[in-house]
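**Q** Here it is: the structure, laid out below.
Please treat every number below as a calculation from the coordinates, not as lab data. As the structure is a computational prediction, the values presented were derived from the model and not from experiment. With ideal geometry, Cβ positions are generated from the backbone for all residues, glycine too; neighbour counts draw on all protein chains shown.
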Amino acid sequence: MARSHTSKFDASEVITNEIIRIIERGVLPWRKPWTAGGSSRPLRHNGEAYQGVNNFLLTMRTLMAGHSSPFWMTIPQANALGARVRKGEKSSVVVYYGQSRTPGQGDEKTDDVDPDGDEARVFRFQKSYRVFNACQIEGLPDSFHPDPDPTPEHPPAEPIAHMQAFFEAIDITTVFTGSEAYYLPPVDKVYMPTITRFHDPRNFYGVWAHEMAHATKARHRLNRDYGLSRFGNTAYAREEIVAELTSCFLGQELGFTAHTLEMNAAYLYNWLRVLRSDKQAIFKHAADAQRACDYLVARSEAGRAGETDQAA
């Protein structure tokens, strides 16, 4: 009698294939402006914001499903709140990371080496779990369905004060000139068109965030390196994905969406080529983007704190 083999669930492959199918349609759904229930980011059941790849994944799924709540939770978490997932609702796969330590023989948890003098090994692992949006769940308290915030209106081609202040406080030089946007490593400067070239000023800040993200790769900043980068090659494509995701994450903080001056088949192909060749890519690059976002936020806060001290 032949044995039946059940293939192991591979979260990396499932998630990567999901993103590939979406991009093959010619869209980047996370670029659509959104807030769900007054939050610009997906939230855990306890109100904690998701970060990194889970933020990216649940942002995309919120938009595509049209959910009006920012909250996501597991079945046990919903049940603990006296609620239940509606029959037939489809879950969303998310991931978490942990680390495990393999001690040497007789090694106690407080030791760093085994009795033979070999260092104990620490390795990271990835696991997946499934969550549902509050809109897929019956019986939740009203607090899981907050009212949306009104959409702010911004005059065309004019600076948005809090966004402008954020970028101006970062100690990375930006030169406003011409009609192209790029980061030039030899001089360590970002070049941007002026805001008057953008009808929607939020797109201006989306592009600025993208180029600032590229600047974080410098050796004296985050030292991010995917190999020799030339226009159109894989290293270039990987860095473009990081910049896109960084702009997405920063936009959630400030109120804009990721944006580039050119959105064409070649740009989409950058994503597809990397994702098809490496099922771990989106996880690695989302983590790099989260680091870049955190770095820019920290530098902006430091810059504004310095301005306050000088004014005092």
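**Q** For the range 27-62 and the range 165-221, write down the distance between their C-alpha centroids in whole Å.
**A** Cα centres, the range 27-62 to the range 165-221: 25 Å.
**Q** Taking 0.36 nm per residue of separation and subtracting the Cα-Cα distance, what length does fully extending residue 64 through residue 27 add?
**A** 12.2 nm
**Q** Against the 2.2 N^0.38 Å scaling, with N counting residues, where does the chain land? I'd like the Cα-based Rg ratio to two decimal places.
**A** Relative to the 2.2 N^0.38 Å estimate, the chain comes out at 1.13.
**Q** Taking the Cα centre of the chain as the origin and placing charges on Cβ (Lys, Arg +1; Asp, Glu -1), which of 274, 35, 187 is farthest toward the positive end of the dipole?
**A** The residue sitting farthest along the positive end of the dipole is 274.
**Q** To the nearest 20 debye, what is the magnitude of the charge dipole of the range 229-312 about its Cα centre, counting +1 on the Cβ of each Lys and Arg and -1 on the Cβ of each Asp and Glu?
**A** Using Cβ point charges on Lys, Arg, Asp and Glu, the range 229-312 gives about 460 debye.
**Q** Could you order the peptides 55-65, 169-179 from most to least packed, using the average number of other C-beta atoms within 10 Å per residue?
**A** Per-residue Cβ counts within 10 Å, averaged per peptide and sorted highest first, yield 55-65, 169-179.
**Q** Sticking with this structure for a sec: Using the structure shown, list the pairs from 87/284; 32/127; 32/284; 32/87; 189/279 with a Cα-Cα distance above 26 Å, or answer none. Working shown, then result.
**A** Numbers: 87/284 34 Å; 32/127 29 Å; 32/284 23 Å; 32/87 29 Å; 189/279 33 Å.
Beyond 26 Å: 87/284; 32/127; 32/87; 189/279.
**Q** Quick check for me: using +1 on Lys/Arg Cβ and -1 on Asp/Glu Cβ, what's the dipole size of the range 160-312 about its Cα centre, in debye to the nearest 20?
**A** Using Cβ point charges on Lys, Arg, Asp and Glu, the range 160-312 gives about 540 debye.
**Q** Also, quick follow-up: Could you tell me whether the range 156-310 comes out rounded, prolate or oblate from its Cα gyration tensor? Rule is a ≥ b ≥ c as square roots of the eigenvalues, rounded for a/c under 1.5, then prolate if a/b exceeds b/c, otherwise oblate.
**A** prolate
**Q** A follow-up question, please. For the range 145-225, calculate the relative contact order in percent as a whole number, restricting contacts to Cα pairs under 8 Å that are 6 or more residues apart.
**A** Working: 95 pairs, mean separation 22.7, N = 81.
Averaging sequence separation for qualifying contacts and normalising by length gives 28 percent for the range 145-225.
**Q** A further question follows. Treating only the Cβ of Lys, Arg, Asp and Glu as charged (+1, +1, -1, -1), what charge dipole size does the chain show about its Cα centre? Round to the nearest 20 debye.
**A** With only Lys, Arg, Asp and Glu charged at Cβ, the dipole is about 1280 debye.
**Q** Mark the label point 7 Å from the Cα of residue 302 along Cα→Cβ and return the residues of the range 158-196 whose backbone N is within less than 12 Å of it.
**A** Flagged as within label range: 170-172.
**Q** I'd like to compare 284-290, 137-143, 148-154: which one has the highest average count of other Cβ atoms within 10 Å, and what's the full order after that?
**A** 284-290, 137-143, 148-154
**Q** Remind me, relative contact order of the range 160-312 in percent, using alpha carbon pairs under 8 angstrom and six or more residues apart?
**A** Rounded, it is 26 percent for the range 160-312.
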